[in-house]
Amino acid sequence: MHILPNSTFFVVALTSSVLATRRVVATATATSRTIDNLHRLAEGINPCSCQPVSTSTMSTQDTLKCSTESDVSSQAKSNSIRDIIHLESRGYDIHSPNNIQKRADYLSWDDYFLAVAYLSGQRSKDPHPSSDSSGGACIVDAMGRIVGIGYDGFPRGCSDDCLPWASPAVSSNTVEDDTRGEEAWLNTKVPYLVHAEINAILNKCSADVVGGRMFVPNFPSNECAKFIIQSGIQEIVYVEDHDVDSDSSRASRILFEVAGVKMTKIKPSVPSITINFRTGSSPLSKRTSNEVQNNNDIQQNEDEMEKYLGILHREASLDPFTYKVKKRPDYLSWDEYFMGVAFLSAQRSKDPNTQVGACIVDQDRCIIGIGYNGFPRGCSDEVLPWAREASCDLHKKYPYGKFRE
Ligand SMILES: [Zn+2]
């Protein structure tokens with residue numbers, strides 16, 4: 001994993017005694033769908049079902065014979081792995097009922113990517129996410145790496161306090177609430193908001209996202225569908241379609257079908273995911289010390305509102321000082337968000353004792369790497385030992401992976 005200059009490295013460890021300070025993801029959901037092929041490759045070595053071989057009956061010759069036979073069925077390979085582990089570890093039996101098993105409730109890859117999409121939505125300042133927007137989005141490339149995240153927001157440089165947050169149902173943002181037609185539309189967030197899917201594509205951290213998958217809570221609008229298709233993304237993975245009969249959803253389905261973009265509705269395998277930042281180590285603990293700065297921010301925001309009052313009033317009869325609907329106050333800061341991704345990454349770990357996650361971020365706030373504690377690529381989680389304590393060091397997990405405990 002390459003760490004770029006000026007990148008930020010968030011590392012967290014999850015234990016059963018984590019203290020709750022904030023509930024971050026309320027409805028993260030996921031799937032029982034197929035896990036990506038790479039993951040299967042890494043985990044797919046099936047333990048053999050033959051009788052264990054005692055140390056006294058094993059020899060290097062037996063092992064060599066087993067691994068060089070012309071019949072290289074998976075059973076033979078499995079036997080070979082079992083035998084070599086038994087021999088080289090001085091007696092570790094991968095079939096012993098006393099072995100500590102991997103954690104059963106780790107997040108699947110699809111759970112994880114979907115949770116990142118939900119978490120990204122928590123960055124949005126939209127106080128009332130509309131049903132035609134997913135709120136958050138996560139793009140995953142063909143190698144299973146996160147290469148783009150996005151959330152609903154105004155374009156770069158547009159103050160969250162100057163433009164209106166009212167949804168169309170509210171009809172108007174101003175105190176003088178009797179506008180109709182074009183002016184009413186201009187009073188809502190609709191003409192100004194960039195949806196999460198488009199932001200994820202525009203903010204991608206790779207040259208392109210051709211062949212990638214996009215994870216979103218809600219089925220994309222037709223406006224987003226155009227960008228998704230043009231970006232080369234080949235699959236949309238979503239949980240719900242709130243407006244399944246709307247013209248927008250119908251147009252999206254037509255576009256995706258014609259363009260050959262796969263639409264996959266998935267059923268979450270977990271109803272919710274809660275991320276608890278530990279007291280003291282949470283970036284939230286810094287919030288109190290930042291309150292002075294927040295006051296400065298308020299003054300700066302008011303200065304901006306004053307600065308753009310003329311154009312807002314002239315073109316849309318808007319007065320940001322009279323907005324009834326304001327940005328959501330409890331959105332996640334960037335640090336909280338990236339720490340949340342690190343926490344989510346930790347939940348990918350199969351280690352039954354301690355789950356450690358990491359998230360690397362570059363100077364452009366792009367996620368350029370995530371990780372969690374585990375065995376090297378290709379080494380089955382079913383075969384190598386997970387124990388922290390054992391009579392022999394080779395029967396513990398430490399020689400086989402990176403575990404900082
Ligand atoms: Zn959209």
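Values computed for the structure shown
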read-out: Yes/no for PRO155 being at pLDDT below 95 and within 16 Å of the ligand (Cβ to nearest atom); value: no
read-out: Residue that is farthest from the ligand (Cβ to nearest atom) [pool: residues in segment 167-181 that are modelled with pLDDT of 55 or more and over 28 Å from the mean Cα position of the chain (by Cα)]; value: ALA169
read-out: Tabulated pairs, segment 209-234, first of a type in the set (D, E, K, R), second near the ligand (Cβ under 10 Å from one of its atoms), C-beta under 7 angstrom, 6+ apart or interchain; value: GLU223/HIS195
read-out: Among residues of segment 311-337, those that are in contact with a Pro (Cβ under 9 Å, 6 or more places away or on another chain) and without any contact (Cβ under 8 Å) to a residue 12 or more places away in the chain, counted; value: 1
read-out: Residue match in segment 244-257 (condition: touching a strand residue (DSSP E or B) at 6+ places or on another chain (Cβ under 6 Å), within 16 Å of the ligand (Cβ to nearest atom) and at pLDDT 95 or above); value: yes
read-out: Count of residues meeting criterion [closer than 18 Å to TRP109 by Cα and aliphatic (A, V, I, L, M)] in segment 369-399; value: 1
read-out: Subset of segment 227-249 that is assigned to a helix (DSSP H, G or I) and touching a helix residue (DSSP H, G or I) at 6+ places or on another chain (Cβ under 8 Å) - its residue that is nearest to VAL216 (Cα to Cα); value: ILE228
read-out: Residues located in segment 202-239, provided they are within 11 Å of the ligand (Cβ to nearest atom), farther than 14 Å from LYS265 by Cα and not acidic (Asp, Glu); value: SER221, ASN222, CYS224, ALA225, LYS226, PHE227, ILE228
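The values are calculated or read from the model by the stated rules, or taken from the named source; none is laboratory data. On a predicted model such as this, the values are computed, not experimentally measured, just so you know. No Cβ is skipped: glycine too gets one built from the backbone with ideal geometry, and neighbour counts run over all protein chains shown.
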